[in-house]
Amino acid sequence: MAIEIANFFLSGYNNANYFERRKAAYLYYIILSAFIFLSIISLGQLYFGLGLLYMSGNIVALTGMVLSVFLFRKGKIGAAGHVLVLGSLVLIVMETIVRDSYSTDPAIRYRVYLDMVALVGVYFIVISFFRDRRVVMFYGGLFTIVLFVHSLVIHHQLYAYPDMRMFVWEHLITVTGGMTAVTAIAMWLLAFMDALAQQNVVYAEQIKMQKDILEKMVEERTHDLQMSNKNLREFAYIVSHDLKEPLRTISGFVTLIRKELDKTGMNDSDINEYINYVTKGTSQMERLISDILTYSKLNVVEKDFYEVDINGVIGEVKSLLAKAIYESEAEIVITNCIHVNGQKALIEQLFQNLLSNAIKYRSADRDLKIVIGSKEEDGMVKYFIRDNGIGIKPEYFETIFKAFRRLHSKVYYEGTGVGLAICKKIIDIHGGDIWVESAEGEGASFWFTLPSVQTAFAASQAVVQAH
Ligand code: ADP
């Protein structure tokens, strides 16, 4: 029970808005302090034997305060403030009535001043809470009327005593003039607060303007970016079609020249060698063009992810690379292939590049063995493709993922140097990482991470719940 009462008085009001909460906390302190203060006074009155009749005003005010605590706890801050002010007003009125019927002792009556001071204090508090001219005017008017009537009663009762006349006039002037002055000050304070609020509105407008400008800039930039992406797509298209066309013409005519030479019996080994160079050059150029095309297309990929079955992906890649796998007699061991969340076509490209590299950079000294496996880690699926090929020196671990960086001459290994850059871009699109572990002559392990299906599912559920 005691705990419940303590909770009732001590636990505050929870509002998400920081300023509202701070304001409410002030009001709560005021209510509690007034409550404690009045309780002490009431106990004192009981102790001095002034009796319940005299305390009736205090009892009403205390009840009002408990009610305002209750309202406060319910989050009805404005209502709590009204009850607080009205409770104080009732206290003054009732105490005065009781006092008037009790005693005409001027010393006791003088305590009216103290009550007035309390009233004025409460009045100021209310102003800071309601920030509304009508409420201030209402309480200002109400207080002035109550105190004026009270002054008239005092005037009527005490004017008969010549030595009290001065006090009576003083009281009358102080009450009416004082309350009018307080109302005026309150209105001025309100005007000041309004001006402050107005200033805040100006600031808010300025911030909004800046935000609009920024949003417009972002919009323009996005538009520019979309345009440049479109241009890039068009450029890639032109490169793929228009540049490949003359290449096809060259290789077509080179084949014709070779046929004509065969026909005429001019089988010169030098000429044959030159023709081979031309053929090789054109096919290298063709590869380069299609790699650049693939790489540049990755800049404009939309993130449209689905569950991807990696076993299926590897199966398709193996049939694409069937000739190379057959020729290299590669043994491919697949240990564990966890499904991932991503774009199938891109993941296929990734596996194709890494597998074809593992085949291409095999060692002449041993049979090629490639192992593929995966495990789930930190919401991502971590894959590896391990070979027992020629390996890579640690100083090249970073550079090999940059476009056009090759460690070997075309004479030994064909290639464009774009394959791993494409892999890196595909992994970037999926929000993963790619890296290599290797030692020269001892094979290489390419590691990469892709989003797991569970994480993607959890994220999509969170989005659904947020809506
Ligand atoms: P490319 O194979 O066309 O040269 P990549 O970007 O695929 O281009 O690879 C860049 C370089 O990384 C290669 O030139 C090669 O030296 C090295 N590399 C890639 N994969 C392997 C591998 N499995 N083993 C050894 N070296 C590799």
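Bear in mind that the values in this text are calculations on the coordinates, not laboratory data. Given the structure is predicted, the values throughout are model-derived calculations rather than measurements. In this analysis, Cβ positions are derived from the backbone assuming ideal geometry, glycine residues included, and neighbour counts consider all displayed protein chains.
Points to keep in mind about this one:
- Fewest-first sequence of Met380, Met65, Met166 by Cβ atoms within 10 Å of each Cβ: Met166, Met380, Met65
- Cβ-based exposure ranking for Lys369, Lys263, in which fewest neighbours within 10 Å come first: Lys263, Lys369
- Extension gain, Arg21 back to Ile59 (0.36 nm per residue minus Cα-Cα distance, nm): 10.8 nm
- Once the C-beta distance of Lys393 and Thr335 is scaled by a Förster radius of 22 Å, the resulting FRET efficiency is 0.20 to the nearest 0.05.
- The label point for Asp224 and the one for Leu261, both projected 7 Å from the Cα toward the Cβ, are 5.3 nm apart.
- Projected label points at Leu32 and Ala191, each 7 Å from Cα along the beta carbon direction, are separated by 3.7 nanometres.
- A full extension of the chain between Glu245 and Ala322 corresponds to an added length of 24.9 nm, given 0.36 nm per residue minus the alpha carbon distance.
- Rounded to 0.05, the FRET efficiency of the Arg406 and Tyr237 pair, given R0 = 30 Å and the Cβ-Cβ distance, is 0.65.
- Rounded to the nearest 0.05, the FRET efficiency derived from the C-beta distance between Ala345 and Gln210 at R0 = 45 Å is 0.60.
- Pair Met1, Asn200: separation of 7 Å Cα→Cβ label points (nm): 4.5 nm
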